[in-house]
Ligand SMILES: [Fe+2]
């Protein structure tokens with residue numbers, strides 16, 4: 001016998017409702033994090049094609065947030081707060097200084113006149129090594 005089976009039906013349904021709301025809320029908060037990360041990528045990447053790609057990903061993530069948010073508000077009528085561990089993970093990603101690392105940005109600038117792709121590869125490798133420390 002599961003512990004919830006000892007509870008009255010109404011209480012069991014309330015617990016199940018809360019569990020579904022909490023799970024779907026975590027998906028929504030994760031999608032919000034994906035939306036912010038994708039939008040930061042638009043500014044972080046130097047190539048126009050990459051900006052187009054990150055922009056379309058940002059739009060996709062916005063739609064995912066909207067779907068979960070509407071479902072939670074319109075159908076479930078219950079939105080849970082973000083799990084502290086998920087928040088910590090998202091904060092770690094979003095507050096990482098590497099989004100604006102000058103070394104990485106310099107290394108990612110497309111090859112210019114007088115610079116070979118080998119020079120750029122060496123610069124990128126060097127920047128990535130610095131980031132890995
Ligand atoms: Fe998504």
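Quick notes on this one:
- Put simply, of 29, 17 the only residue that is in contact with a helix residue (DSSP H, G or I) (Cβ under 9 Å, 6 or more places away or on another chain), part of a helix (DSSP H, G or I), within 15 Å of the ligand (Cβ to nearest atom) and under 25 Å from residue 87 (Cα atoms) is 29.
- Of the residues making up the range 56-101, those that are farther than 16 Å from residue 28 by Cβ, free of Cβ contacts under 8 Å to residues at least 40 places away in the same chain, within 15 Å of the ligand (Cβ to nearest atom) and within 14 Å of the chain's Cα centre (by Cα) are 57, 58, 59.
- Filtered by the rule that a residue be surrounded by 14 or more Cβ atoms within 10 Å (Cβ to Cβ), free of Cβ contacts under 8 Å to residues at least 40 places away in the same chain and more than 15 Å from the chain's Cα centre (by Cα), the range 15-51 gives 50, 51.
Here, each number is a calculation from the coordinates, and none is a lab measurement. Just so we're clear, the structure is a prediction, and the values are computed from it rather than from any experiment. Every residue, glycine among them, receives a Cβ derived from its backbone with ideal geometry; neighbour counts consider all protein chains shown.
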